[in-house]
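Working notes, beginning with the structure itself.
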Amino acid sequence: MQRIDGRLVYSASDLNHFLECRHLTELDRQVALGVKVRPEHSDPMTDLIACKGLEHERRYLDRLLELQLGVQVFESGPATTIADLLEAEARTVASMEQGAGHIYQATFFDGTFLGHADFLRYVNDPRSPRGFSYEVIDTKLALHPKPYFLIQLCNYSEHVQRITGVAPEYGYVILGTGEEVRFRLADYSAYYRHVKQSFLESVAHGIDVYPNECSHCAICPWNAQCAKRRDEDDHLSLVAGIRRDQIAKLEGAGIC
């Protein structure tokens, strides 16, 4: 989440953060608005994984270039204005209209959501006036598919549909093993739309959610601050073995 020209701009990662922890979404919003400053956070393991992920992505790009599959390469950089984002998408759209075989680092921007797809792949599609369209490919270092992959695939594919008028039938993930996994997007689109709508409504009205501990805490830069708040509040989550549903029942009964 970032603020550009006074406008909040979101990404697929923000949707995944929302699913992981709604308190994190509120913190991201406050950082974007300049109300808070994100804590300094350096985790060697996270940095290593990010580096290995980028290497995996570049290996796939090198393979496409070696096979001479007509790859249009864009190097996405930081955008400082809305005009920069619109221009970057215009370059992507031009490459799509010209029928490039693959597009690396395509930029999408619909005025609210910004996306940088790892790869787009040309596919024949009789539904399109041009007779062709594109499907999204994401490279992931993981050895098995994970739910958050689908949010990204659905988000980027929604941009493709906006530009081409044709909803991609499939989205793909290249796992760390090199295996290509295919997902039929219609199976997940309703869930994606629900998550996106809930996210936008929550951000628009503000999110006041207690920072309960979750699986994302281990890699979150705000973890120490949230843990300190739970300690100071002597929060119910500190009770050994207590479940989230039990906390909700106790809080509903006025016990907190």
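The values are calculated or read from the model by the stated rules, or taken from the named source; none is laboratory data. Just so you know, these numbers come straight off a predicted model, no measurement behind them. Because the Cβ atoms are built from the backbone with ideal geometry, glycine has one as well, and the counts that use them run over all protein chains shown. These accessible areas exclude ligands, DNA and RNA; they are computed on the full protein's heavy atoms, side chains included. Shrake-Rupley method; radii C 1.70, N 1.55, O 1.52, S 1.80 Å.
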Checklist entry - Roughly what would the spin-label model give for Ala224 and Ala204, points 7 Å off Cα along C-beta, in nm? => result 3.8 nm
Checklist entry - Can you run phi through the Karplus equation (6.51, -1.76, 1.60; θ = phi - 60°) for region 66-83 and list ³J(HN,Hα) in whole Hz, with x for Gly and Pro? => result 5, 7, 6, 9, x, 9, 8, 9, 10, 9, 6, x, x, 9, 10, 9, 4, 4
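Express the carbon and sulfur contribution to the solvent-accessible surface of the chain as a percent, rounded to the nearest whole number, probe 1.4 angstrom. List each step's numbers first, then the result.
On the way: 7190 of 14050 Å².
Ligands and nucleic acids excluded, carbon and sulfur reach 51 percent.
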Item to check | For region 155-212 versus region 214-256, the gap between their alpha-carbon centres in whole angstrom | outcome: 29 Å
Item to check | Difference of contour (0.36 nm per residue) and Cα-Cα distance, Gln98 to His194 | outcome: 31.2 nm
Checklist entry - Which value in Å does the Kirkwood hydrodynamic radius of the chain take, with 1/r averaged over all unlike C-alpha pairs and then inverted? => result 20.2 Å
Checklist entry - Taking Cα atoms, how many degrees apart are the long axis of helix 147-164 and the longest axis of the chain, rounded to 10 and kept between 0 and 90? => result 40 degrees
Next on the checklist: Stokes-Einstein diffusion coefficient for region 174-250 at 25 °C in a medium of 0.890 mPa s, Rh from the Kirkwood formula over Cα pairs: what value in µm²/s?
Outcome noted: 151 µm²/s
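As an exercise, use a Förster radius of 41 Å and the Cβ-Cβ distance of Asp62 and Gln246 to find the FRET efficiency, rounded to the nearest 0.05. Please report the intermediate quantities before stating the final value.
On the way: r = 52 Å, r/R0 = 1.26.
E(calc), rounded to 0.05, equals 0.20.
Which FRET efficiency value, to the nearest 0.05, do you get for Arg38 and Arg162 by plugging their Cβ-Cβ distance into 1/(1 + (r/R0)^6) with R0 = 25 Å? Intermediate values should be presented prior to the final figure.
Working: r = 31 Å, r/R0 = 1.23.
Between Arg38 and Arg162 the formula returns 0.25.
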Checklist entry - Given a Förster radius of 22 Å and the C-beta distance between Ser215 and Thr46 as r, what FRET efficiency does 1/(1 + (r/R0)^6) yield to the nearest 0.05? => result 0.95
Checklist entry - For the chain, what is the accessible area per residue in Å², given a 1.4 Å probe and the full set of protein chains? => result 55 Å²
Item to check | Between 0 and 90°, nearest 10: helix 22-32 axis offset from the chain longest Cα axis | outcome: 70 degrees
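Sort the following peptides by mean Cβ neighbour count (other Cβ atoms within 10 Å, averaged over residues), highest first: 96-105, 137-146. All intermediate terms of the calculation are to be shown ahead of the outcome.
Details: 96-105: 17.6, 137-146: 16.1.
Order by mean packing, descending: 96-105, 137-146.
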Checklist entry - Tell me which lysines have Cα within less than 19 Å of Lys228's Cα, excluding those fewer than 8 residues away on the same chain? => result Lys36
Item to check | For Asp125, distant residues with modelled amide H under 5 Å away | outcome: Phe132, Ser133
Checklist entry - Once Lys and Arg get +1 and Asp and Glu get -1 on their Cβ, which of Gly131, Gly99, Val37 lies farthest toward the positive end of the dipole of the chain? => result Gly131
Next on the checklist: Need one number: nm distance between label points at Val181 and Thr81, each 7 Å from Cα along Cα→Cβ, rounded to one decimal.
Outcome noted: 4.2 nm
Checklist outcome for this item: Looking only at lysines whose Cα falls under 27 Å of Lys146's and that sit 8 or more positions away or on another chain, we get Lys52, Lys196
Item to check | Along principal axes, Cα extents of region 1-119, largest first, whole Å | outcome: 48, 35, 23
